[in-house]
Structures are given as structure tokens and as C-alpha cells.
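The values are calculated or read from the model by the stated rules, or taken from the named source; none is laboratory data. If you're wondering where the values come from, they're calculated on a predicted model, not measured in any experiment. Neighbour counts are summed over all protein chains in view; Cβ atoms, including those assigned to glycine, are modelled from backbone coordinates with ideal geometry. Heads up: the accessible areas ignore ligands, DNA and RNA and are worked out on the full protein's heavy atoms, side chains in. Shrake-Rupley method; radii C 1.70, N 1.55, O 1.52, S 1.80 Å.
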Amino acid sequence: MIVSAAVTDSPAPAGPPRVAVVAFAITVFLGGANAVAVKQTVQELAPLWGAGLRFAAAGLLMVVIVLATSRRFGRGKTLSGAVLYGLLGFAASYGLLYTGIQHVPAGTVMVLVALTPLFTFGLALLHRQESFRIQGLLGALLALAGVAIVFIDQVLADVPLGSMLLILLGTVAIAESGVVAKSIPESDPFATNAVAMLTGAVVLFVLALVAREPLTVPATAATWLATGYLVVLGSVVMFALFLFTLQRWTASAVSYVTLLMPLVTVVLAAIAFEERISPSFVIGSVVVLVGVYIGAFFTHQPRHVPASSLPECLPVEQRTTAVR
């Protein structure tokens, strides 16, 4: 689940509350584990069908939260914006990511997804939402060099180039969905994500039918566990923890989840699937993350969380009354 948050930063306190640091750490771990869980599900379920099942279940849970907390679903431009966000942030992005991850190591996927802040910066320039910054260009060039190293390493390891390109296209879709989400007026994060997830699920189900994917349910305990994790912990709980942390820490600090999640994924994937970690992959990954840091975070104190800071379930633009 992937969107943008526009929560105004308050003046930085002397230090973050301990509970915020704990919630931040759990958010990083849950987000990093998501790619590993997805990798497990696509070993048994067809990619489009599996993604649709995940977001249908998570979207329904979001609807329950909205109704239980007396929140309101948007109308007019808010509703249409949520639908568009769902088409980009769930149907397009996850349709591509789930398809690509079948043949790409989970660690590689998260390193590429970590490029989202830089793609968001470039797309925000095209949409005239942000102004050009030289550090953004320098960071992008450095990250591009890191991606080249990672691509060469993975191609030599017989990872299909086409599958890696699908991951990159999915990352671009994530970034564009964040830019679109920032223009949604008066949006409640839970209600907007509920609409977006269910919209994405419907489209993914249709695409699965068109592609004649087998519409099966998980047959193994491991796939059931991974699917349940993605729906509950990897989507709804992580989303709630992200908002919880935002209320108690600076938005610019919380945005660093982008750089930490791939580290979790690489370690967990090496344990769960014995994914290869070569020296060149490590070097390329570090170069990518340093490039993202320079381009999106270094010496830049944003008033809002970057649109891609949580590439699984990000809250869309919200007013301060929505989170305080």
C-alpha cells in the first residue's frame, strides 16, 4: 500500500518519546518483511489474483475501521481522487511488483522500491508541485549508478532483466500515486485508503480474469500465514503504527523508514529463501540508498512526509485535525 502523507511538522522536541521510537522500529520491520511475505505468496498464488486478495481483505478491514471510528468517506473530488490513487497506487504498482517479484529476489525488490522518493521528486517537478533542487539531481545520478551495479550483479546471477524493469515501473507507479494523492482535497487517510484498496482489488481481479490466472486459495500453511500477515500486520497494523509515530515524532524523522526497510528485507530474505548476497550487490545497494538519502533527505527538512516514505501503506494527505 503506497501513498503520501502531508502532515505538518511541529517544532522538533528535545527527543522523541520512547514509544514513538519503538513504533518506528516495528514499522520498519513490518515494512521490510512485506516483500518476503509477498515472495512467499507468489510461489503458490498467481500474482494479480494474490495481490487482489490481499487488498480486498485489507480494504474491507479499513472500511470496518472507518465505520467503527465514525469517520466519513469522501465525495466528489475526494472520492474520485481516492479512486485514481487506487488505480495507480494499488492496481498498477502492485500488479507490476507482484508480477516482477516472482523472478526477482525480495532484497533486490526493496532496494529498487527505495528509489521511490527520487522518482516522486522528478514527477513532482513535472506536476509543478515542487521546485528543482540540485541535490535531487545529484542524488538521482548517484542512485542510478547504484542501480546499474545492482542490475549487473543480478543479471550475472540469472535474474531476468524484464522482471527487474517491472519492479522499476511499479516503483514509478508508486511515486506517481503519491503525487496524485497530495492533490486529494480534505481526505481522511483511513477512508481514502479503504476506497483505494478496494478499487485496486477490483481492477486486479479483472486483470487476473483477463490473464486467465488460476483463481485458487492458498493450500499451504506458509502461504496462508504470509497472506494473513500482509493483510493484518503488513497493511492495517503497519499503517496504524505509521500514523501513531507521526503524531509523536517529526515527519522528517519518520520518513527515514524508506532507507531502513531494505536492510530488514535483505536479512530476512537471506534467512527465509537463502537469497544470495554478493559483495557487488551490497555495494550497489549502499550506493542506491546513499543516493536516495542525498537526493531526498540530506540537509532538507520537509514540512511534510515524502510521498513515498512507507512503500506499503502510506496515509494520503490529511489535515492536522485528522491525526491529532
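Observations
- For the range 178-221, filtered to residues that are β-branched (Val, Ile, Thr) and open to solvent by 50 Å² or more (accessible area, probe 1.4 Å), the residue that is farthest from residue 74 (Cα to Cα) is 220.
Results for (1) in contact (Cβ under 8 Å) with a residue 24 or more places away in the chain; (2) within 19 Å of the chain's Cα centre (by Cα); (3) under 22 Å from residue 263 (Cβ atoms), shown as yes or no for each residue.
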position	(1), (2), (3)
91	yes, yes, no
97	yes, yes, yes
105	yes, yes, yes
117	yes, yes, yes
124	yes, yes, no
128	no, no, no
145	yes, no, yes
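- Residues of the range 19-69 classified as buried (at least 24 other Cβ atoms within 10 Å of the Cβ), among the β-branched types (Val, Ile, Thr) and over 30 Å from residue 210 (Cα atoms), total: 1
- Cβ pairs under 6 Å, 6+ apart, first in the range 16-29 and farther than 13 Å from residue 247 by Cα, second modelled with pLDDT of 95 or more and not hydrophobic (A, V, I, L, M, F, W, C): none
- In summary, residue 135 fulfils each of the numbered conditions (1) open to solvent by 30 Å² or more (accessible area, probe 1.4 Å); (2) under 15 Å from the mean Cα position of the chain (by Cα) with the single exception of condition (2).
- Cβ separations smaller than 8 Å between residues 6+ apart or across chains give the following pairs from the range 197-212 residues that are over 15 Å from residue 62 (Cβ atoms) to residues that are open to solvent by 80 Å² or more (accessible area, probe 1.4 Å) and outside any helix (DSSP H, G or I): 208/215; 209/215.
- The residues of the range 130-143 that are in contact (Cβ under 8 Å) with a residue 60 or more places away in the chain and touching a helix residue (DSSP H, G or I) at 6+ places or on another chain (Cβ under 7 Å), listed by number, are 135, 136, 138, 139, 140, 142, 143.
- Residue ID - nearest to residue 39 (Cα to Cα), chosen from residues in the range 108-128 that are among the aliphatic types (A, V, I, L, M) and not in a helix (DSSP H, G or I): 114
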